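The values are calculated or read from the model by the stated rules, or taken from the named source; none is laboratory data. Nothing here was measured: the structure is a model prediction, and the numbers come from that model. Heads up, the Cβs are rebuilt from the backbone with ideal geometry, glycines too, and the neighbour counts pull from every protein chain shown.
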Ligand code: DP6
């Protein structure tokens, strides 16, 4: 069996394709040009397995099996690629070489979008491009993208442009067989990294008239289309290409808006007319024009474009994007459930609200009204990026990966770790009776995971899959009565064998991530059907992943054990902890007056900003009297404590007769002093740990009803620091994403070496953050194989890390500009690897050579001078450098 998985991006045209001269070969009536957008935000992913044992071709689209024979466009792509494979096999055999007869094997295809297909976003382009690219890789065909684009075009016209990154033209061609109707790259993504896009999702509904149907009606009935085809598009294509090559936003913006408007004009000119824009779309058009008119320097700052639907895509230079997002959010506010704007590039400061309008007198704030919440349901901030990617086996839609505990060689003296962690491929688990299979979308780390690695939990074994918190999508169910769950986003109840008894577990209790229960740090997990609850819609993925274990523990401690009610005075200790924070959120939502303790004043302030009445610093001896003054004559009805220890000597005098202490942990000490004073006041001490399935469901209902969200006030956690450095630095971790990196770096302020080799999901924005945050301490940065990192990552690292000695950007998407910048900013550079950075030319290398006098080791393999059109491999001799041997001899 052979299996390949690839992803492909969405593209948004700035000169639109509308009209076919041949509907079966999908040959267009005009050239078009588009911009490829980042796959980190929107992509289609396809896994294809071919095997001689498969009995039929099978297809799963977004989790559902479909009849492959009914999908004519996909069928076209299979027919074409299989024919090419058959020809290749014949040729190989003619030369006496053995070759697997893949062209005759059946295939299993699994494809999914990371965005709702019905959202009106360009799913056919990315979907068909992913299919064709994956087939080409599976069949070992040439991956000359222009060549493949002729096949992708027959799946969906616009798909041919998604085979390239950056700026892409689809040349209509004139041959009847379509052989010259193909896509070509006008410029790579690294050419104009400053250009970004904002997708305003105006309608989640499926569009009324499909592009395929709509465009042929236009061809038949619109006289204006003929004018567009003959007179307008040919001139615009030339101007647009030049504007892109010159990075001339003014011309780019004018042409983009004009072409979008003309495309919608030909739709109106169709009989019967096609209306893709709605009131919200038109208001966005007005807003963008007003914003441009008010531009302080008189230059255009934004350009809108609309495809066959009401969603707007606004292109703008990076520097104006924040202002534009604020502006759109002001006039088209989103729901407050976190689904509106995810801020992937961290343009907002923490706590910064959306919706400010430009502080600019020339801007007419009354240009459009403020629309009702939901007119724009989502804002997706994205940027120009690369073309299809082959992704690792771990990303296969037909396989599973997991992060597994491995025995450490010896206990690490510094960190005390008994176990290491390793990314391992394991078979996808199968649901059995009563179970469901969940594809994990996000998981969260608990302190518990760290203690497990130290061997501080009984029964832990090497080979266990770690992790107990996660959110994911149900992809398979055992019983057809649960089939409505398939495709649903769920959070997972982390405990086992505790159904509903409020006193404690009915059976042998266990938690996911401790042997024998497999954990959540995996691509898939099988759990009982009763242990999944629909993800609360107001929570982001990260928030949802942080809820289960902490939320369950906090809920039981707060309500079942401490019996917190509205009006109660409640003390929650150690407010930096995840459970304490959730207990605080729950108690506040229930109407209680919450007081907190912490050893860190900033956490107390943060807790107050989240609704606590007050807090005291337990490091001060005066904390009991400080709390007494805050209570102002009142007493505590409950203490919710996760620390234990000597503080119990003091609680009693602050507590009311008949009050309760719910203790769920022992971060300070494993004992508590519980004197007769408590007994005489009828105060109860109640132990609490985790919670039942019933409490979990109650907790989720409560979180939904009160719209509670997990928050974090903690800055750093000493033990975690080591764990995370270990993961980042010692392992190639394909699953590592920007979110992880932000988190790691927040906790590793003194990192000297950063190695995220092969972490293809890491994006330049997290590197910018890393560099800014770590400032001068980084000396070695290795980003090899992070295939979509671009110049921005290198700019940021060079700017903030002047002590940089070693830089490995092999296979990253960078250009000479980045190296020229490194040359200026990092004079101490000793080692450089730019192998397979095909845009690097002599220009960048010479700049380094002149400025970095210590540069001794380099790797320039497969650097091509493509931009200059020379298309030859750059050889070190061409640069007049000493070869490595000579330089070693020289040193001797
Ligand atoms: C308005 O590529 O979806 O987005 O070739 O019939 O599959 P088919 O149509 P499709 O049309 C896209 C039209 C457009 C403009 C564009 O992307 O150029």
### Query
Would you pick out the residues in the stretch 2-36 that are closer than 29 Å to residue 345 by Cα and within 11 Å of the ligand (Cβ to nearest atom)?
10, 11, 12, 13, 14, 15, 16, 33, 34, 35
### Query
Is it true that residue 171 is surrounded by fewer than 20 Cβ atoms within 10 Å (Cβ to Cβ) and touching a residue at least 40 places away in the same chain (Cβ under 8 Å)?
yes
### Message
Among the listed residues 100, 129, 83, 152, identify the single one that is surrounded by fewer than 24 Cβ atoms within 10 Å (Cβ to Cβ) and in contact (Cβ under 8 Å) with a residue 60 or more places away in the chain.
### Response
100
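Give the stretch 299-316 a look and list any residue that's in contact with a helix residue (DSSP H, G or I) (Cβ under 7 Å, 6 or more places away or on another chain) and assigned to a loop (DSSP other than H, G, I, E, B), or say none.
299, 300, 301, 302, 308, 310
Got a number for residues in the stretch 127-149 being within 14 Å of the ligand (Cβ to nearest atom) and either in a loop (DSSP other than H, G, I, E, B) or under 19 Å from residue 103 (Cα atoms) (or both)?
2
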### Query
What are the residues in the stretch 273-288 that are in a loop (DSSP other than H, G, I, E, B) and over 20 Å from residue 229 (Cα atoms), if any?
275, 276, 277, 278
### Task
Examine the stretch 37-57 for a residue that is within 16 Å of the ligand (Cβ to nearest atom), closer than 29 Å to residue 167 by Cα and either at pLDDT below 90 or in the same structural domain as residue 477 (by TED's automatic domain parsing) (or both), and state whether such a residue exists.
no
### First in the stretch 482-503 and assigned by TED's automatic domain parsing to the domain that holds residue 700, second anywhere and assigned to a loop (DSSP other than H, G, I, E, B), Cβ under 9 Å, 6 or more apart
none
## Note on the structure
Inside the stretch 223-262, the number of residues satisfying the requirement of being out of contact with any strand residue (DSSP E or B) (no Cβ under 8 Å at 6 or more places or on another chain), within 14 Å of the ligand (Cβ to nearest atom) and under 22 Å from residue 384 (Cβ atoms) is 0
### Message
Considering only residues that are more than 15 Å from the ligand (Cβ to nearest atom), part of a loop (DSSP other than H, G, I, E, B) and within 20 Å of residue 126 (Cα to Cα), which ones fall in the stretch 159-196?
### Response
165, 166, 188
### Summary
Of the residues in the stretch 215-239 that are touching a helix residue (DSSP H, G or I) at 6+ places or on another chain (Cβ under 7 Å) and assigned to a helix (DSSP H, G or I), the one that is nearest to residue 23 (Cα to Cα) is 219
### Query
What number of residues within the stretch 652-668 are modelled with pLDDT of 95 or more and crowded, with 16+ Cβ neighbours inside 10 Å?
10
### Task
Would you confirm whether any residue within the stretch 630-641 is touching a helix residue (DSSP H, G or I) at 6+ places or on another chain (Cβ under 7 Å) and within 24 Å of residue 446 (Cα to Cα)?
yes
### Message
Within the stretch 43-55, does at least one residue satisfy the condition of being buried (at least 17 other Cβ atoms within 10 Å of the Cβ) and not in a strand (DSSP E or B)?
### Response
no
### Message
So if I check each of 313, 328, which one is over 22 Å from the mean Cα position of the chain (by Cα), in contact (Cβ under 8 Å) with a residue 60 or more places away in the chain and buried (at least 23 other Cβ atoms within 10 Å of the Cβ)?
### Response
328
### Query
Looking at 112, 65, which is the one that is under 34 Å from the mean Cα position of the chain (by Cα), over 24 Å from residue 150 (Cβ atoms) and crowded, with 21+ Cβ neighbours inside 10 Å?
112
### Task
Inspect the stretch 383-390 for any residue being outside any loop (DSSP other than H, G, I, E, B) and surrounded by fewer than 18 Cβ atoms within 10 Å (Cβ to Cβ) and give the result as yes or no.
yes
### Task
For the stretch 611-625, state whether one or more residues are assigned by TED's automatic domain parsing to the domain that holds residue 571 and touching a residue at least 60 places away in the same chain (Cβ under 8 Å).
no
### Task
Those residues that are more than 13 Å from residue 690 (Cα to Cα) and surrounded by 24 or more Cβ atoms within 10 Å (Cβ to Cβ), I need them from the stretch 540-559; list them, please.
544, 545, 546
